[in-house]
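Have a look at the structure below before the remarks.
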Amino acid sequence: MTTATPTDSADFLLLFDACPFPQIQLGSDDRILRGNSALARLLGVQPGELTGGRLLPSETDGKAGRLSWDEGKCEALVFVESLVTAADYRVCMVRFGRADPAADDRDPIRDVQHRLRNLIANVRSIFRRTAVTSGSIDHLTSHFLGRLDAVARIESNLALAESHGVEMHGLIMDELAAFAVRPGEQAVLSGPDVRLHILSAPTLALICHELANNSVKFGALGAEGEVRIDWWIDPAPPRALHIVWTESGGPYAPVEHSGFGMELLTKTLPFELDGTADIDCTVQKFKVHMRLPVTDRLLHGGN
């Protein structure tokens, strides 16, 4: 039976479950009282499945341990940092790996606050830019909510990305899947294993979202055409990551030079990642070729 705590209030539960970072609430005996949705997604379970399990601490590292649930049939190695501590419960942030050898010396609460400030600033910026290019409340609502969903998808993946980066193929597929597009049907993806840095992944995810959204409304994905996304790293100096989005089987509308997607390609991409984008739109095809210099900010580990 779950012990009632001050954190059983409706307001706490709403904030706890909505937090984009994986968190867990533990009883005084380290039994799992509840896990939030971000943690459950990373573990591939429903939040309720964790209740009743335990955190088994490491004998050598007070922050390390194993989450055990389903009567010990499932386990996951984790690192926990207490955010709230009381006599009979504590709320902890959960990590699945250290970002660097000095990670133990970092303040986890400061990290969370920094990420949340960046997230809020990003959402505010998206709302302002969406409002500028929207002609009606309905247009503003639908476009902003779609972009907010794209931010939520990438943020849910960033919890683990500090240790291994964001995989390019998965990032693109997440945005296509949001429009019910699957590989082999209307989309072809081709490229090597590229791991994006957590600083570059949100920008590229938003660009993919906008390209997919425009394709559904005006291009191949809204007809019976095909989208092909190719990427590769040019080894010749200066090294650059190339991403090419090509649509065939239109029809295609003229390029909207004042839209949010165009602003991402022509302003945000150069500002955030020092990249460029060539856009070729004709009656027969639509193609965007992005070139991004390989830096520590672009790729995980700078590789």
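The values are calculated or read from the model by the stated rules, or taken from the named source; none is laboratory data. From a predicted model like this one, the values you see are computed outputs, not experimental measurements. Cβ atoms come from the backbone with ideal geometry, glycine included; neighbour counts cover every protein chain shown. Ligands, DNA and RNA are excluded from the accessible area calculation, which covers all protein heavy atoms including side chains. Shrake-Rupley method; radii C 1.70, N 1.55, O 1.52, S 1.80 Å.
What the table below lists for this structure:
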| item | result |
| --- | --- |
| Listed peptides 293-299, 170-176 by packing density, highest first (mean Cβ within 10 Å) | 170-176, 293-299 |
| Where segment 165-293 is the region considered: accessible area per residue in Å², 1.4 Å probe | 46 |
| Inter-label distance for C74 and A86, nm, one decimal - labels placed 7 Å from Cα along Cα-to-Cβ | 2.7 |
| Scaled radius of gyration (Cα, divided by 2.2 N^0.38 Å) that segment 165-293 gives | 0.99 |
| Virtual spin-label span in nm between D29 and L15, 7 Å along Cα→Cβ | 2.9 |
| Cβ-Cβ FRET estimate between K287 and K267, R0 fixed at 22 Å, reported to 0.05 | 0.65 |
| Carbon/sulfur fraction of accessible area - segment 174-303, other protein chains in place, 1.4 Å, % | 54 |
| E226 versus E49: modelled label distance in nm, points set 7 Å from Cα along the beta carbon direction | 3.7 |
| Using a Förster distance of 41 Å, the FRET efficiency for S190-H139 (Cβ separation, nearest 0.05) | 0.75 |
